[in-house]
1. Looking at the range 7-29, is at least one residue open to solvent by less than 70 Å² (accessible area, probe 1.4 Å) and either modelled with pLDDT of 95 or more or assigned to a loop (DSSP other than H, G, I, E, B) (or both)?
2. How about the range 30-66: which of its residues are touching a strand residue (DSSP E or B) at 6+ places or on another chain (Cβ under 7 Å), at pLDDT 95 or above, surrounded by fewer than 14 Cβ atoms within 10 Å (Cβ to Cβ) and in a loop (DSSP other than H, G, I, E, B)?
3. Could you list, in sequence order, all residues of the range 135-152 that are surrounded by 14 or more Cβ atoms within 10 Å (Cβ to Cβ), assigned to a loop (DSSP other than H, G, I, E, B), at pLDDT 90 or above and out of contact with any His (no Cβ under 6 Å at 6 or more places or on another chain)?
4. If I filter the range 90-128 down to residues being exposed (fewer than 12 other Cβ atoms within 10 Å of the Cβ) and hydrophobic (A, V, I, L, M, F, W, C), which single residue comes out as modelled with the highest pLDDT?
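The values are calculated or read from the model by the stated rules, or taken from the named source; none is laboratory data. The shown structure was predicted, so the numbers you read here are calculated from the model rather than taken from an experiment. With ideal geometry, Cβ positions are generated from the backbone for all residues, glycine too; neighbour counts draw on all protein chains shown. Calculation scope for accessible area: heavy atoms of the full protein, side chains included, ligands and nucleic acids excluded. Shrake-Rupley method; radii C 1.70, N 1.55, O 1.52, S 1.80 Å.
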Amino acid sequence: MNRSIFSRGLLGAVILVCISAFSIAASAAEMTFQLINDTERPVNLKFFSRAESRQEWPSKTKAYSVKPDSAVQQIKLTCEEGEQICWGAWVTTQRISGEINGAAGQRAKQTSKSSTGAGERGLRTCERCCHICKDGAVTPATALHDPKPDAK
């Protein structure tokens, strides 16, 4: 008799796991972001979930590189249906001065970042860079323009 109760309990647990896995898979959606890099240089790009997961695409340590092109470029993301996804874009520029510094005789380098949308870390608020994840959705094409210098 105890085996019967154990078997029913095990069967119930297996059914519950299967239903849970199905409901998780059912809420996944694939949407397409359309962007135009109308600048003269490659732009780094990331997507940020505003949901509790705080997921980032392509990952927390990587960014997409969007080549300069006046054509619409598409990036597909798999996200949770209903979550808000925002993009952030930035460029890093390095300026080398004519001055030679130090004992090694190296030229001075100055690095600066400029960003648009939600920014490099996804912390800025913006209306045009955020969209609700919906399966099959395609965002309007958005021009990245020249990112603005970050405030110091």
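1. Among the residues of the range 7-29, at least one is open to solvent by less than 70 Å² (accessible area, probe 1.4 Å) and either modelled with pLDDT of 95 or more or assigned to a loop (DSSP other than H, G, I, E, B) (or both), which makes the answer yes.
2. Passing the criteria: only Pro58.
3. Ala137
4. Result: Leu123.
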